[in-house]
Amino acid sequence: MAHCRVRLEISQLESLNISSPKRNRNMQTGWERFFPYYAGYPEIFVEDLLGSAGLPANSVVFDPWNGSGTSTLVASRLGHKAIGLDINPVMVVIARARMLPPSEADSLVPLALTISTKTPRRVAVVANDPLEEWFVPATAAKIRQIEGAIRQSTVGGTTPPGCVVDIGRISGLAATLYLGLFATCRSLSHARRSTNPTWMRKPRSDAQKTVAPVGEVTQVFVDNVRAMAAELAATEKSKPAVPPWVIEVADTTSTELSPSSVDFVVTSPPYCTRIDYTAATRIELAILAPILPEAREELSRNMVGSIRVPIKEIVPSVLWGRACNEFLKQVKDHDSKASSTYYYRTHLDYFDKISKSLSRISSALRPGGVACLVVQDSYYKEIHNDLPAIVVEMCESQNLRLGRREDFRFNRSMMRVNRHTKIYGRPSVPTEAVLCFEKVS
Ligand SMILES: C[S@@+](CC[C@H](N)C(=O)[O-])C[C@H]1O[C@@H](n2cnc3c(N)ncnc32)[C@H](O)[C@@H]1O
């Protein structure tokens, strides 16, 4: 791994301890092995940043693309008020589960045992159950029984299917049981894993669907919850009470936090590598389907980095900066198939959403506050998408001044695991940049 640095003169950013933002298996801590499909930075990266930032206790730390909730978990642990938003309800469930205090460890296994044998009243029938896209009907029915029982016992009494639940308010226990069920479905359908570790191949025929006896589903679920309970019990019990935290489902392009209410932002925006983030959580979305408000298509369309062509017309803005506009022009002028249509329009959508989100982030940050963003570059054909440079220009038009940049290079990345990506004489290793900005008033 190579590492280089650019420093500008802003004193408070000089003291930040910026370690590698890449998570690998050896660095997995706590419950990370129960959602190993997810790309994010390691806890130590956030610990180093926040620990060196000189923040007073109870500072407000915000992650607008919170993913698996590493920022919110670490910020809380360090005694700060954490706010995490993510558009994907699956990620909000995972992030909320990670906040479960060790004092709850002993109640997990008895709850899992009750839930896996309980036949929920009035909640189990789901018409056209999306779980049946992955599992044979009997296996899907058993998984749905467990989900229905979690819903009935911990989410909302007799909430029937189709009744939307506010995922941003479910308890840590409910989130943890859902996480146990996510891990169960993942391990039962391991044969559907693709070469891209972030998602599973959907069965193309009934013969490819996962068959698991009812007893095995129960056993794997209880075993998962037992392992999670043991892990939780092993964490320090006498931790000071964490300040209040918020982890909610929200679209960062349109959600306003109170102006100047945030002291520190640590986050990583979705990559611009034409990876459908919702595809990585298809099975989990199928599990949650009865309590979700929007169809997966809608969620996929609203994601930053959506692979769907935007419905409305988007025109490039000068506020996106020179690097972005030049990159877009090269994509539009490229002579390969669909460059000037599909690819140009999906890139426009990406930059439009990133720009809107950065504007909201800047408005939420107080003057003098700090924002650290982990941003990866990529290629479209042979055209370099220098996302770190683009984000720097966008931020500068939003009163966020770059004070420090640290670059890390990795041998493995989202860009390189995409089997359909052809290498057009580009460098084989992308750059992951940690960009640190200060809000100027
Ligand atoms: C690179 S990941 C964040 C990873 C995170 N730092 C971690 O360690 O797990 C980007 C996240 O942005 C979320 N996202 C995409 N579009 C969004 C939007 N419009 N509003 C809020 N979150 C969005 C995705 O669901 C994904 O979880």
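The values are calculated or read from the model by the stated rules, or taken from the named source; none is laboratory data. A quick note: this is a predicted structure, and the numbers were derived from the prediction, not measured. Methodologically, a virtual Cβ is constructed for each residue, glycine included, from the backbone with ideal geometry; neighbour enumeration extends over all protein chains shown. Note: areas computed on protein heavy atoms with side chains; ligands, DNA, RNA excluded. Shrake-Rupley method; radii C 1.70, N 1.55, O 1.52, S 1.80 Å.
List of remarks:
- Segment 238-255 - residue that is within 16 Å of the ligand (Cβ to nearest atom) and touching a Ser or Thr at 6+ places or on another chain (Cβ under 7 Å) and, of those, most open to solvent (accessible area, probe 1.4 Å): Trp245
- Residues being over 20 Å from Glu248 (Cα atoms) and not in a helix (DSSP H, G or I) - total across segment 42-68: 6
- Residue selected from segment 53-65 under the condition open to solvent by 10 Å² or more (accessible area, probe 1.4 Å) and touching a strand residue (DSSP E or B) at 6+ places or on another chain (Cβ under 7 Å), by the criterion nearest to Pro269 (Cα to Cα): Trp65
- From the list Lys329, Lys356, the one residue that fits, being open to solvent by 70 Å² or more (accessible area, probe 1.4 Å) and within 16 Å of the ligand (Cβ to nearest atom), is Lys356.
- If the condition is being among the hydrophobic types (A, V, I, L, M, F, W, C) and either at pLDDT below 90 or assigned to a loop (DSSP other than H, G, I, E, B) (or both), then segment 230-274 contributes Ala234, Ala241, Val242, Trp245, Ala250, Leu257, Cys272.
- For segment 200-225, a residue qualifies if it is open to solvent by less than 20 Å² (accessible area, probe 1.4 Å), among the aliphatic types (A, V, I, L, M) and part of a helix (DSSP H, G or I), and the qualifying residues are Val217, Val222, Val225.
- Of all residues in segment 283-319, those that are away from the ligand (no atom under 13 Å from the Cβ), open to solvent by 50 Å² or more (accessible area, probe 1.4 Å) and not assigned by TED's automatic domain parsing to the domain that holds Cys395 total 3.
- Screening segment 6-23 for residues that are modelled with pLDDT under 75 and assigned to a loop (DSSP other than H, G, I, E, B) and picking the one that is surrounded by the most Cβ atoms within 10 Å (Cβ to Cβ) gives Ile10.
- Looking across Glu133, Glu47, one residue alone is open to solvent by 30 Å² or more (accessible area, probe 1.4 Å) and either within 13 Å of the chain's Cα centre (by Cα) or at pLDDT 95 or above (or both). It is Glu47.
- Qualifying residue in segment 331-339 (condition: in a loop (DSSP other than H, G, I, E, B) and within 15 Å of the chain's Cα centre (by Cα)): no
- Which listed residue is assigned by TED's automatic domain parsing to the domain that holds Val374, surrounded by fewer than 24 Cβ atoms within 10 Å (Cβ to Cβ) and part of a helix (DSSP H, G or I), from Ser76, Ser71: Ser76
- Met27 fulfils the conditions (1) open to solvent by 20 Å² or more (accessible area, probe 1.4 Å); (2) within 14 Å of the chain's Cα centre (by Cα) except for a single criterion, (2).
- Residues in segment 41-88 that are charged (D, E, K, R) and more than 12 Å from the ligand (Cβ to nearest atom): Glu47, Asp48, Arg77, Lys81.
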